Amino acid sequence: MGDFLPSLDQMQAMLPFIAVGFLAQLVDGALGMAFGLITNVMLVSVVGLSPARSSATVHIVECFTTAASAISHIVHGNVDWNLLARIAIPGMIGGVLGAYVLTGIDGNVARPWVMAYLAGIGLYLLWRAWRMNHGPARRPARLVAPLGLVGGFLDAAGGGGWGPIVTSNLLMQGTQPRTTIGTVNTAEFLVTISVSLTFLWQLGLVAFSSAAIGLIIGGLLAAPLGARVVSRVPARLLLLLVGLLITASSIYGLVISLI
């Protein structure tokens, strides 16, 4: 247990991670997505962690945050259990494959590809912010299992993206918003557990470091503020800001990794 009790120097080293966790959870609490994306961008492009270690850290932290979210959605009856099975099982398979692939390649080689992927997700979020008032009429969702597989793989390989990829695509296909968000968030817990176990198997306990502890602290501090933010700031504006943040940070990280 002594290894998990931080000293004063370790607490000071945690401060950047606490700040990142606070910011990411504040946005995630308001939008229901983007914790993994924001955290991974900051850890890779600003803090300088390798893509594999960053993704491992993010997913270990999300074991806590997604568990709380899943319980809440189940209690409030927001889960479509049929959709959960259809999206979670392929998502877990894709997540394990993504984590395995990411830990098998050199961090310096992976970094520009991960940053390019995250920049693409940032642009996708900007497009989705525009689509909020220009979306198509509702229609039944047809693409579920392949979406879960791709979403899980990219979430693990890129350190985030499950919510923006899966939730947004299902909503654009015409599914009911309340149960879609609740089901995808609940499935994310299962995907996150699978990805985290794979990273722990590949990397060992190095993934559970002061970075993870700092992110958990920051996330817990910000959690009560998310509801207040969402009640005051329009979701479209928040999504626009997240898209801009992720795109700018990812492009910065991509340029740095290529220099």
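What follows is calculated from the coordinates using simple rules that are stated; it is not laboratory data. Note that the structure is a prediction, hence the values are computed from the model and not measured. So basically every Cβ, Gly included, is an ideal-geometry build from the backbone, and we count neighbours across all protein chains shown.
Going by C-beta contacts inside 10 Å, put F17, F189, F35, F64 in order with the fewest on the left. Could the numbers behind the result be given before it?
Numbers: F17 26, F189 21, F35 30, F64 16.
With the sparsest Cβ surroundings first, the list reads F64, F189, F17, F35.
Stretch R178-Q12 to full length: gain in nm at 0.36 nm per residue minus the Cα-Cα span?
Values: separation 166, 0.36 × 166 = 59.76 nm, distance 4.04 nm.
That pair, R178 and Q12, stretches by 55.7 nm at full extension.
Using the Karplus equation 6.51 cos²θ - 1.76 cosθ + 1.60 (θ = phi - 60°), what ³J(HN,Hα) coupling, rounded to whole Hz, does each residue of region 13-19 give in order, writing x for Gly and Pro?
Residue by residue, region 13-19 yields 5, 6, 3, x, 6, 4, 5 Hz.
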